[in-house]
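Handing you a structure now.
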Amino acid sequence: MAGQAPPISLDTGIAMPLSALVRRILAPNPSPFTYQGTQSYLVGETDLAVIDPGPADERHIAALMAAIAGRPVLAILCTHTHRDHSPATRPLTALTGAPIIGCAPLALDDDGPRADAAFDADYVPDRVLGDGERVTGTGWTLTAVATPGHTSNHLCFALEEEGALFTGDHVMGWSTSVVSPPDGDMTAYLKSLDLLVQRTDRIYYPAHGDAITEPRRFARGMLGHRKMREGQILRYLDRNGPSLIADMVATMYVGLDPRLHGAAGRSVLAHLLDLEGRALVSGQGDIWSLVRPLAAS
């Protein structure tokens, strides 16, 4: 059984030990979309991997270098290429000589209000990891786990020696993950969540929020939340007929910070596209409707 992980510290720039092999450093980039900030992780003791080095903030890079403390860095890994995760790869590789490894490059413009950081168009990996490929060091092994959905290039990294999974933004400890089309894909996201339910990880280390010490239960709960939201959308359309996404958001997200309505709308759109792929709804421009009444489904 996993023990309770140390609570999140509000102090940025401190290398907090989470286990024998893992240290966490919080970047100074809190926001409504990043919670207290992006959490970068150092894995290893004598030689290291850095996971999600974060934004290209001089204070954060200095904190990472202080925690590295002159030890060899064998890999700088990224779960995905949003700008709160990957820009620090460039100054960090210049300082350490370590290769940039992990997710594939991806840069595109969203067609709606951003629900999180935009893509890092300057990310250039030295090596792209496929599902199941590994990076190894002294006493540690990191295996890539493909988890598309939040972004199409999203990877998690499994630390085999400790049964830990670094989940990036696929599973977060404070909020549900943003799934924003066109790159965010709810169908892929649900499949990736189900993949995590089938795994036997002991603990999740997300990029935002507390460590998750009952991971399978948590992942099942996230799947349940998505199914609940799907049901809300179907029932809304059944009651109200053809509708705008903005009207669905106003009804289903009562009390939500107005600044997050755009993000909520992207999530609803992602659900609608998934439902359309299953022939349950159809969209005509901005108007969405059921293919058939629920009673006849």
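The values are calculated or read from the model by the stated rules, or taken from the named source; none is laboratory data. Only a predicted model underlies this, so the values are computations on that prediction, with no experimental measurement involved. Reconstructed Cβ throughout: ideal geometry from the backbone, glycine too, with neighbour counts over all protein chains shown.
Go through (1) within 30 Å of Pro258 (Cα to Cα); (2) within 17 Å of the chain's Cα centre (by Cα) for Asp57 and report which single condition fails.
(2)
Can we say Leu190 is in contact with a Lys or Arg (Cβ under 8 Å, 6 or more places away or on another chain), touching a residue at least 40 places away in the same chain (Cβ under 8 Å) and either acidic (Asp, Glu) or farther than 21 Å from Leu18 by Cα (or both)?
Judged against the criteria, Leu190 is a match.
Same structure, new question: Criterion first (touching a residue at least 60 places away in the same chain (Cβ under 8 Å) and outside any loop (DSSP other than H, G, I, E, B)) does Leu77 satisfy it?
Yes: the conditions hold for Leu77.
Looking at (1) at pLDDT below 95; (2) β-branched (Val, Ile, Thr); (3) over 14 Å from the mean Cα position of the chain (by Cα), which is the only condition Val179 fails?
Of everything listed in (1) at pLDDT below 95; (2) β-branched (Val, Ile, Thr); (3) over 14 Å from the mean Cα position of the chain (by Cα), Val179 misses just condition (3).
So, Leu269, is that one modelled with pLDDT of 95 or more, assigned by TED's automatic domain parsing to the domain that holds Gly173 and within 26 Å of the chain's Cα centre (by Cα) or not?
no
Suppose the filter is surrounded by fewer than 23 Cβ atoms within 10 Å (Cβ to Cβ), in the same structural domain as Pro32 (by TED's automatic domain parsing) and touching a residue at least 40 places away in the same chain (Cβ under 8 Å); does Asp183 pass it?
Yes, satisfied.
Could you please give the count of residues in region 259-297 that are on the phi > 0 side of the Ramachandran plot and in contact with a strand residue (DSSP E or B) (Cβ under 7 Å, 6 or more places away or on another chain)?
Number satisfying all stated conditions: 0.
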